[in-house]
């Protein structure tokens with residue numbers, strides 16, 4: 001590459017239309033809308049745009065990447081914001097200079113962590129990208145010391161889940177942004193500096209969704225006959241799933257249930273009508289939870305937790321003062337609990 005001045009910076013708001021137009025015109029995949037947290041970069045040589053880059057939300061599922069990191073299912077869902085996808089990289093036709101691509105990627109790598117903090121309030125630990133081997137070999141990423149960790153399985157994300165048929169598999173490259181990135185992403189607990197939200201987010205696996213319904217089947221249904229459009233075990237499974245994923249209160253539970261796709265609804269054994277799975281309304285959920293036998297519910301939940309407690313890699317010790325609970329000496333009651341970080345199971349409580 002000739003001795004010319006190269007500078008990489010984030011895109012200004014007034015330049016977005018030009019960025020989209022060039023990407024649509026020259027990139028074989030066309031322009032890409034902003035997906036989650038997104039940063040657009042432009043590489044400039046002597047006041048002229050030479051290349052365009054887009055870094056956006058990481059892929060929700062990628063077995064090759066996940067295996068390389070070594071994180072668990074819950075850790076993955078909670079920490080995806082620490083990974084960004086180099087979703088587009090376009091060198092404009094008049095600027096195909098030798099070694100230009102690797103120099104641009106190098107400048108992006110040096111600055112993107114700080115840029116991410118400025119725009120979104122937390123740092124990045126890892127970059128990923130996908131290369132179609134039918135068209136390219138990933139040469140620029142290999143030359144920039146990105147790590148080839150495997151290939152995708154060929155399934156595409158579509159509305160309501162993933163495609164049933166496989167398409168062309170993509171090569172998966174990753175680039176750690178600091179030496180301990182892999183260790184940080186896979187460890188049981190993260191330093192507060194890397195937390196990406198107030199509440200710890202969780203997600204249930206397909207097996208966990210399927211099993212919840214079975215644990216609630218033996219609970220007595222006290223509802224009237226005309227109020228049994230939805231099985232009690234289904235309502236309880238949906239409600240428990242919502243609470244395990246961080247929801248609190250009837251309204252939050254109802255919103256979480258409404259956002260479930262058709263596959264997830266089928267796993268919770270929702271009622272099927274006219275080819276689609278129906279969900280209970282907020283009123284139905286509230287009535288069912290008010291009327292359910294608390295002792296039977298507690299036994300079912302503890303049995304489910306016992307089966308999945310093995311996922312707990314660490315415990316949290318927390319103390320609470322019970323409101324309006326006064327002991328025989330006139331003092332408020334204090335409870336100390338040991339809670340599993342991954343399962344949310346309460347192992348023991350001490351007054």
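Just so it is clear, none of the values below were taken in a lab; they were calculated from the coordinates. Because the structure is predicted, anything quoted here is derived from the model rather than measured. Note that we place each Cβ from the backbone using ideal geometry, even for glycine, and neighbour counts take in every protein chain shown.
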How do 120, 89 rank when sorted from fewest to most other Cβ atoms within 10 Å of their own Cβ?
120, 89
If you rank 49, 304 by fewest surrounding Cβ atoms within 10 Å, what's the result?
49, 304
Could you work out the relative contact order of region 1-127, using alpha carbon pairs under 8 angstrom and six or more residues apart, expressed as a whole percent?
26
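How would you rank 66, 132, going from fewest to most other Cβ atoms within 10 Å of each one's own Cβ? Provide the component values of the computation, followed by the final result.
Values: 66 18, 132 14.
Placing the least packed residue first, the sequence is 132, 66.
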Please report the antiparallel percentage of the DSSP beta bridges confined to region 1-151, to the nearest 5.
85
Using only Cα atoms, find the angle between the long axis of helix 100-120 and the longest principal axis of the chain, and express it within 0 to 90 degrees, rounded to the nearest 10.
40
Counting helices only, and only those DSSP H runs with n ≥ 4, report the 222 nm mean residue ellipticity of the chain as the sum of -39,500 (n - 2.57) divided by its residues, in deg cm²/dmol to the nearest 500.
-10000 deg cm²/dmol
Any chance you could check the Cα centroid distance between region 107-127 and region 219-283 for me, in angstrom?
40
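Give me the Å³ per residue figure for the convex hull around the C-alpha atoms of region 206-311.
99
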If you bin every alpha carbon distance in the chain into 10 Å steps from zero, what whole percent lands in each bin?
5, 19, 25, 22, 15, 9, 4, 1, 0
Here the percent of antiparallel bridges among DSSP beta bridges lying wholly in region 1-72, to the nearest 5, is 100
Express in nm, to one decimal, how much length is gained between residue 179 and residue 20 on full extension, taking 0.36 nm for each residue of separation and deducting their alpha carbon distance.
53.8 nm
With angles folded into 0 to 90 degrees, how steeply does helix 232-244 sit against the dominant principal axis of the chain? Use alpha carbons for both and round to 10.
50
Considering only 217, 228, 153, give the residue with the highest GNM mean-square fluctuation for the chain, with springs between Cα atoms whenever their separation is below 10 Å.
228
I need the shape label for region 45-104. Rule: rounded when a/c is under 1.5, else prolate if a/b > b/c, else oblate, with a, b, c from the alpha carbon gyration tensor.
prolate
Relative contact order of the chain, pairs being alpha-carbon contacts under 8 Å that are 6 or more residues apart, as %:
11
Between 204, 135, 297, where does the largest GNM mean-square fluctuation fall for the chain, given springs only between Cα atoms within less than 10 Å?
135
More than 12 angstrom apart: percent of Cα pairs within region 208-266:
68
Only bridges with both residues in the chain count here: give the DSSP antiparallel percent, nearest 5.
95
